[in-house]
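We did not get these values from a lab; they are worked out from the coordinates using the rules stated. From a predicted model like this one, the values you see are computed outputs, not experimental measurements. Neighbour counts are summed over all protein chains in view; Cβ atoms, including those assigned to glycine, are modelled from backbone coordinates with ideal geometry.
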Amino acid sequence: SVPLVGIPGTNQERSFIAIKPDGTQRRLVGEIIARFEKKGFKLVGIKILVPTPEHAAKHYEDLNKKPFFNGLVKFFSSGAVVAMVFEGKDVVRTGRVLIGATDPSQSAPGTIRFDLCIETGRNIIHGSDSNESAAHEIALWFKEDEIANWVSTNPVYEKM
Ligand code: UDP
Ligand code: MG
């Protein structure tokens, strides 16, 4: 079976994707999940929770020297976050393409951030930026038994 954090370089690579409180508040959960699903990525973990400020700070700990860090942690822990793990070939990099640039005004049309939001501080979604951070984030948010190792029979790959 696939380890919690996935297998980079295979179709079992995994990324941590989270819908932030603004996305949940704006009822964009279904829309955002649909974009990852329609691409062909496989949802293997999902839950909704209001993160504690401590958990939010841990999630964003690499940014703790940035001027926006306190506001980011406060906002991220202010409401419901939908935490997910998506699996698929190159899902970390391609997931970031689906999401678009950090600043929605610099993102490409067709991306989630261009199509659905306006400002950097309300950019509705998080996605792991490397396989290393994906592994770190999945372990931070999910336990082994919260991940469903289900077998896809959907022919999104040349070889299954
Ligand atoms: N952020 C912000 N102001 C900035 C840069 C980032 O409020 O000048 C927020 C923004 O919500 C972003 C998050 O901090 O999504 C994490 O920043 P990062 O650089 O990791 O961007 P991401 O990986 O989300 O594109
Ligand atoms: Mg980031």
Tabulated pairs, the range 123-144, first more than 18 Å from residue 81 (Cα to Cα), second more than 10 Å from ligand 1 (Cβ to nearest atom) and outside any loop (DSSP other than H, G, I, E, B), C-beta under 6 angstrom, 6+ apart or interchain: 131/92
Positions within the range 98-112 being under 11 Å from the mean Cα position of the chain (by Cα) and either within 11 Å of ligand 1 (Cβ to nearest atom) or basic (Lys, Arg) (or both), in sequence order: 99
Residue list for the range 22-80, restricted to those being more than 12 Å from ligand 1 (Cβ to nearest atom) and either among the hydroxyl-bearing types (Ser, Thr, Tyr) or part of a strand (DSSP E or B) (or both): 24, 42, 43, 44, 45, 46, 47, 48, 49, 52, 77, 78
Residues that are within 12 Å of ligand 1 (Cβ to nearest atom) and either touching a helix residue (DSSP H, G or I) at 6+ places or on another chain (Cβ under 6 Å) or aromatic (Phe, Trp, Tyr) (or both), drawn from the range 81-97: 92
Qualifying positions in the range 65-118 - under 15 Å from residue 51 (Cβ atoms) and in contact (Cβ under 8 Å) with a residue 60 or more places away in the chain: 81, 82, 83, 84
Tally of residues being more than 10 Å from ligand 1 (Cβ to nearest atom) and within 21 Å of residue 59 (Cα to Cα) across the range 113-129: 0
Unmet criterion (only one of (1) buried (at least 18 other Cβ atoms within 10 Å of the Cβ); (2) outside any helix (DSSP H, G or I); (3) of a type in the set (S, T, N, Q)) for residue 94: (2)
Members of the range 99-144 found to be away from ligand 2 (no atom under 12 Å from the Cβ), outside any helix (DSSP H, G or I) and not aliphatic (A, V, I, L, M), listed by number: 100, 103, 107, 109, 110, 111, 117, 119, 142, 143
Filtered residue count, the range 81-91, keeping only those that are surrounded by 18 or more Cβ atoms within 10 Å (Cβ to Cβ) and part of a loop (DSSP other than H, G, I, E, B): 1
Residue 147 within 15 Å of ligand 2 (Cβ to nearest atom), in contact (Cβ under 8 Å) with a residue 40 or more places away in the chain and either in contact with a strand residue (DSSP E or B) (Cβ under 7 Å, 6 or more places away or on another chain) or over 27 Å from residue 68 (Cα atoms) (or both): no
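In the set 156, 151, 92, which member is under 23 Å from residue 41 (Cα atoms) and within 15 Å of the chain's Cα centre (by Cα)?
On the way: 156 fails: within 15 Å of the chain's Cα centre (by Cα); 151 fails: within 15 Å of the chain's Cα centre (by Cα).
After ruling out the rest, the residue left standing is 92.
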